[in-house]
Structure formats: C-alpha cells, structure tokens
Amino acid sequence: MKTTQETRKMDSAGRLVVPSGLRSELNLNTGDICEFFIHEYEGDTYLCIKCPNVLNKIEEAKRILREAGITI
C-alpha cells in the first residue's frame, strides 16, 4: 500500500471526513466500526485509524494461499 497524505479541516462537532478515494482504497464502508489510537514518533503525535476490512482481506489472502498449499 502506498503512503498517502490528506489534509482535512475538523468541523465544529469534531468530525473529520475521510475522502471517498481513501475510503475506497481501504475498503471502508458506511457503518464500519473503526478503532482509533494515538501513536507518538520522533516527537510528533499521530491519530491513527485501524481499518478493519484491510485485515480481513489479508487474512482471506493467507487462507487462499494455505488452501493452495503455499506456506506463508
């Protein structure tokens, strides 16, 4: 997955919009539960979102490879 940087303004209710292209790339859908966490690196603090559907795709790919007899 490529590195992507987007900039959005937070609204008065504290919401940030995830751009549709990014939602599509990450397979995020309306109603998905997203887990947020804070990551500190080299003095900067990042708000991160765990993308649940990306992990599902990875696990599905691993399963398909195992069923094809390929060791991961």
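Derivation of every value follows stated rules applied to the coordinates shown; laboratory data play no part. Please read all numbers here as calculations on a predicted model, not as lab measurements. Methodologically, a virtual Cβ is constructed for each residue, glycine included, from the backbone with ideal geometry; neighbour enumeration extends over all protein chains shown.
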query: Going through region 7-35 one residue at a time, which ones are within 16 Å of CYS51 (Cα to Cα) and among the acidic types (Asp, Glu)?
result: GLU25, ASP32, GLU35
query: Conditions: (1) in contact (Cβ under 8 Å) with a residue 12 or more places away in the chain; (2) surrounded by 11 or more Cβ atoms within 10 Å (Cβ to Cβ). ARG66 meets all but one. Number of the miss?
result: (1)
- request: Output the number of residues of region 4-47 satisfying the condition of being exposed (fewer than 10 other Cβ atoms within 10 Å of the Cβ) and β-branched (Val, Ile, Thr).
  value: 5
task: Would you check if ASN27 is closer than 17 Å to THR4 by Cβ, assigned to a loop (DSSP other than H, G, I, E, B) and not acidic (Asp, Glu)?
output: yes
